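Rule-based calculations on the coordinates, nothing more; no lab input. Small disclaimer: the values here were computed from a predicted structure and weren't measured. So basically every Cβ, Gly included, is an ideal-geometry build from the backbone, and we count neighbours across all protein chains shown.
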Amino acid sequence: MEKDTKTGQPKWEDGKLKITAISPINIALIKYWGKVNEEYIIPLNSSLSITLSTDDLCSTTSVYLSDQFENDTLTLNGESEEFTTRIQGMMKVIRDQVPEDGIEVEGKKVTKEELLKMHVSVVSDNNFPTASGVASSSSGLSCLALCLAKIYGCDMDMTEISKLARLGSGSACRSLFGGYVEWDRGFDNLEEVDSNLETIGKNSKAVLIQDEKHWPDLCCCICVADSSQKKVSSTKGMKTSVETSEFLKHREKVIVPKHLSMIKDALKDKDWNALSEIIMKESNSLHSVCLDTYPPIFYQNDTTKALISMVHDLNNNHYEPIAAYTVDAGANVFLITPEKNLKFLLNTVKDLAGLSDDKIKFSFEKDVESEHNQVDGDAMTKIENEYKSKINLHQIIVTRVGKGVTIIDK
Ligand code: 2P0
């Protein structure tokens with residue numbers, strides 16, 4: 001079992017205990033869709049994601065403990081929010097694991113009884129707009145899980161903390177590690193689930209497949225699409241899929257095991273040809289399940305579809321794939337590409353969408369080599385004619401693979 005390498009400790013601030021962490025979002029390359037148990041948040045299938053750099057998108061969460069607080073509070077992006085049942089569940093797990101002899105912070109002892117009497121205040125902010133539709137649950141809940149484990153002095157490594165994050169939101173467990181991370185569902189056969197829930201709850205966890213240094217040049221352009229569609233939340237959407245989609249059963253039995261095994265090989269070998277194909281087929285498989293759900297769920301809009309077709313056209317006109325697309329429970333398109341293609345890809349999408357420079361967030365632009373001409377002129381003219389008026393974007397956020405959740409000194 002890997003040991004916890006995050007050394008940050010809580011401190012005192014105005015008589016309150018405090019700890020702060022920053023956490024990345026992760027984008028699933030093998031998608032989590034469906035639960036076999038809602039209470040323990042046990043997924044129908046294992047999934048695998050790329051962790052994106054906190055330099056570009058992150059949640060910053062501070063947890064305070066004090067006997068001066070009258071109740072537990074949660075503030076998200078400056079707004080007061082209810083403590084959800086899921087967060088209360090996380091608190092219970094943590095409070096059950098407080099060490100018998102309490103904790104010592106900056107030379108001052110706090111007994112277990114004192115810790116348990118204190119109320120908690122959670123303050124969390126994202127450095128990206130909620131309106132972007134980029135899901136923040138993976139960063140927010142992973143951040144909270146690490147802060148809670150640390151402030152209560154629990155003896156938990158990152159694997160254990162991933163199980164706690166999972167109880168807050170399934171996909172959050174994958175943000176505990178950087179690089180390429182699997183959420184192992186925790187069981188082999190569906191038949192064993194009902195009678196073994198507690199054991200499976202202990203086995204369902206994040207596993208580091210390759211860290212961020214293994215394949216550091218994979219980048220991601222997050223194409224934030226205009227979407228006026230009514231949004232079906234992932235939690236609700238995946239529940240309806242479990243209840244109604246026959247195709248989801250095939251996905252669990254056949255497609256996901258195959259894609260998982262292939263993607264691990266592709267990552268190990270840094271095989272971009274193989275990786276890009278699996279990423280795109282997986283995304284298409286998720287949205288096929290959504291269409292097979294009754295009533296169907298439509299997350300993709302015309303922009304999403306145009307970007308998907310455009311990627312295939314670009315890839316068909318190059319000796320190797322230029323980019324891979326992946327789409328979650330929304331219209332946004334995540335374009336994954338090796339760094340050598342990044343500027344060409346970004347400029348192509350930016351021009352097709354008619355975006356001005358102020359709509360592009362690209363923090364590491366100066367570290368990236370300038371654009372190479374990837375696709376010949378005739379093919380580019382065709383692509384421009386085909387997609388010019390079909391791509392409507394709010395903004396593009398450029399990022400790359402990065403580290404997992406980290407305690408910071410704040
Ligand atoms: C994923 N998604 O693997 C998939 C792909 C959306 C599409 O995980 O109910 O917010 O909190 O466990 O984690 C979104 O689902 O759902 C999600 P809950 P979550 O990233």
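Show the residues, 5+ positions off or on another chain, whose built amide H is closer than 5 Å to the amide H of VAL333.
The list, which skips near neighbours in sequence, is CYS223, ALA225.
Mind listing the long-range amide H neighbours of ARG400? Cut-off is under 5 Å, sequence gap 5 or more, other chains count too, H placed in the peptide plane at 1.01 Å from N.
SER53, CYS220
Would you compute, from DSSP H runs of 4+ residues alone, the mean residue ellipticity of the chain at 222 nm, taking -39500 (n - 2.57) per run and dividing by the full residue count, rounded to the nearest 500?
After summing the helix terms and dividing by residue count, I get -10500 deg cm²/dmol.
Quick one: check the C-alpha center-to-center distance for the stretch 75-119 versus the stretch 223-284, whole angstrom.
Using only Cα atoms, the two centres lie 36 Å from each other.
Which helices, taking whole DSSP H runs in the chain, have alpha carbons extending 24 angstrom or more along the helix axis plus mean Kyte-Doolittle at least -0.5?
In the chain, the long hydrophobic H runs are 272-292.
Given H placed 1.01 Å from N in the peptide plane, which residues other than close sequence neighbours of GLY102 have an amide H under 5 Å from its amide H?
Here the answer is LYS112, since their amide H atoms fall under 5 Å of that of GLY102.
At q = 0.19, 0.22, 0.27 Å⁻¹, what log₁₀ I(q)/I(0) does a Debye calculation on the Cα points of the stretch 17-68 give, no solvent, two decimals?
Listed by q, the Debye log ratios stand at -0.82, -0.86, -0.94.
Which three numbers, in whole Å and largest first, are the semi-axes of the equivalent ellipsoid of the stretch 193-290 derived from its Cα gyration tensor as √(5λ)?
Result for the stretch 193-290: semi-axes of 26, 22, 15 Å.
Residue by residue through the stretch 320-330, which ³J(HN,Hα) values in whole Hz follow from phi under the Karplus form 6.51 cos²θ - 1.76 cosθ + 1.60 (θ = phi - 60°), with glycine and proline marked x?
Karplus-based 3J(HN,Hα) across the stretch 320-330 equals 9, x, 7, 8, 10, 9, 9, 10, 9, 7, x Hz.
Count the net charge of all other residues whose Cβ sits under 14 Å from the Cβ of TYR32, scoring Lys and Arg as +1 and Asp and Glu as -1.
Computed value for this residue: +2.
Could you pull out the GluC sites (Glu not before Pro) across the stretch 310-410 that fall in loop regions by DSSP (anything but H, G, I, E, B) with no more than 16 other Cβ atoms inside 10 Å?
Passing sites in the stretch 310-410 are GLU369, GLU371.
Modelled label-to-label distance, GLU100 and ASN196, 7 Å Cα→beta-carbon offset: nm?
3.2
Kirkwood Rh over alpha-carbon pairs of the stretch 218-400, then Stokes-Einstein at 10 °C and 1.306 mPa s: what D in µm² s⁻¹, rounded to an integer?
Taking Rh from Cα pairs, D becomes 92 µm²/s.
List the trypsin sites (Lys or Arg not before Pro) within the stretch 152-257 that fall in a DSSP loop (any state other than H, G, I, E or B) and whose Cβ has at most 10 other Cβ atoms within 10 Å.
When the trypsin sites (Lys or Arg not before Pro) of the stretch 152-257 are filtered for loop state and at most 10 Cβ neighbours within 10 Å, LYS213, LYS230 remain.
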